[in-house]
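**Student:** The following block contains the structure, expressed as structure tokens.
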Amino acid sequence: MKRKLLKISVISGIALLFVVAGIYAKTVPEVIELNDPAYEEHKKGVVHFEHKKHQNEYAKQYPEFYKNGCGECHHDKDNKPLTELKEGDDVQKCIECHKIAAEAPKGKKAPKKLSKKEKIKEYHAEALHENCKGCHKKFNKKYKPKKAPTTCTTCHPKKAGEKDEDEEEDEEKEDKG
Ligand code: HEC
Ligand code: HEC
Ligand code: HEC
Ligand code: HEC
């Protein structure tokens with residue numbers, strides 16, 4: 001009995017994988033929940049990323065920030081922007097190359113001092129932060145008082161019971177550059 005159940009769940013699991021892979025290759029969802037399963041736990045609220053708005057509206061409205069098109073965010077194994085990428089193409093997940101599912105350890109927890117570049121290369125959250133906040137900061141400089149989000153809770157919705165220390169931490173980070 002147990003064995004039969006296991007068999008059924010394995011088969012339906014595989015079927016589901018095919019369905020998911022199929023959808024993945026064809027349509028890009030309008031909004032992507034950036035909730036990578038490589039993380040054991042998401043400490044922060046899950047980011048809802050308006051992929052379609054970013055790739056269409058914002059790209060048209062602010063072409064100076066989108067010189068590489070899709071390649072502003074998608075690149076290959078040598079960090080060469082995928083400027084020719086188009087809807088329907090397969091893309092690799094960021095985690096495939098920026099493999100460690102975390103922010104780089106800070107302060108006393110850090111085993112060794114890594115340069116900013118090394119952190120981005122190795123740590124998924126550092127790569128995402130650099131990509132998202134990097135463009136947003138440039139945008140905010142140019143389009144003041146318009147504001148693309150750079151503080152924690154404007155991207156990570158606050159979880160129930162989460163403390164209010166966020167924004168300070170962010171200011172501190174931004175002061176360092
Ligand atoms: C502003 C950054 C940005 C731009 C511009 C962008 N993307 Fe993405 N895209 C992302 C991120 C982030 C993900 C999620 C990757 C992950 O989960 O590792 C993603 C995921 C995808 C996926 C997978 C969808 C899924 O189901 O998860 C496809 C396909 C894709 N992008 C295609 C494109 C194409 C085609 C363009 C250009 C027309 C484009 N992207 C422009 C950031 C961007
Ligand atoms: C096929 C492998 C691969 C994938 C997939 C990948 N990256 Fe990268 N990425 C790299 C490499 C290699 C570098 C360069 C690292 C270095 O500086 O040595 C890089 C550098 C970066 C940088 C530094 C920016 C720069 O040019 O200075 C950012 C930010 C970044 N990646 C974000 C992302 C995001 C966001 C995704 C998913 C949408 C992603 N990467 C997917 C391989 C990849
Ligand atoms: C190439 C530039 C660029 C990159 C990269 C980028 N953004 Fe944005 N983002 C913008 C612009 C431009 C706006 C709109 C600002 C406005 O018009 O007020 C925006 C607005 C937003 C907003 C607020 C409005 C909305 O659309 O929801 C969120 C949230 C956001 N971005 C999240 C992200 C996340 C998460 C990432 C990384 C995965 C990211 N962005 C990467 C350019 C970028
Ligand atoms: C522009 C949007 C943006 C801002 C601002 C931002 N983050 Fe993130 N953060 C992301 C994205 C996107 C990821 C990747 C999540 C994923 O794909 O699973 C991430 C991942 C993380 C992670 C690892 C996943 C988790 O939840 O444990 C931590 C921790 C984190 N961020 C903390 C912060 C802190 C602290 C701040 C403020 C100093 C901040 N972030 C500001 C977009 C943002």
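No lab work stands behind these numbers, since they all come straight from the coordinates. Small disclaimer: the values here were computed from a predicted structure and weren't measured. When we count neighbours, we look across all protein chains shown, and the Cβ atoms used for this are built from the backbone with ideal geometry, even at glycine.
**Student:** Below 8 Å, C-alpha to C-alpha, sequence gap of six or more: please give me the relative contact order for the stretch 37-177 in percent.
**Tutor:** Details: 118 pairs, mean separation 29.4, N = 141.
Once divided by the residue count of the stretch 37-177, the mean separation gives 21 percent.
**Student:** With +1 assigned to the C-beta of every Lys and Arg and -1 to the C-beta of every Asp and Glu, and no other charges, what is the dipole magnitude of the stretch 9-163 about the Cα centre in debye, to the nearest 20?
**Tutor:** Values: 32 positive and 22 negative charges, 247 e Å.
I would put it at about 1180 debye.
**Student:** Quick one: which of Lys80/Lys158; Lys67/Lys147; Lys67/Lys109; Lys60/Lys113 span more than 32 angstrom between C-alpha atoms? Working shown, then result.
**Tutor:** Numbers: Lys80/Lys158 35 Å; Lys67/Lys147 20 Å; Lys67/Lys109 38 Å; Lys60/Lys113 40 Å.
Violating the 32 Å Cα-Cα cut-off are Lys80/Lys158; Lys67/Lys109; Lys60/Lys113.
**Student:** May I pose another question? Can you give me the Rg/Rh ratio for the stretch 9-163, using Cα atoms for both radii and the Kirkwood formula for Rh?
**Tutor:** Numbers: Rg = 17.2 Å, Rh = 17.6 Å.
That ratio is 0.98, to two decimals.
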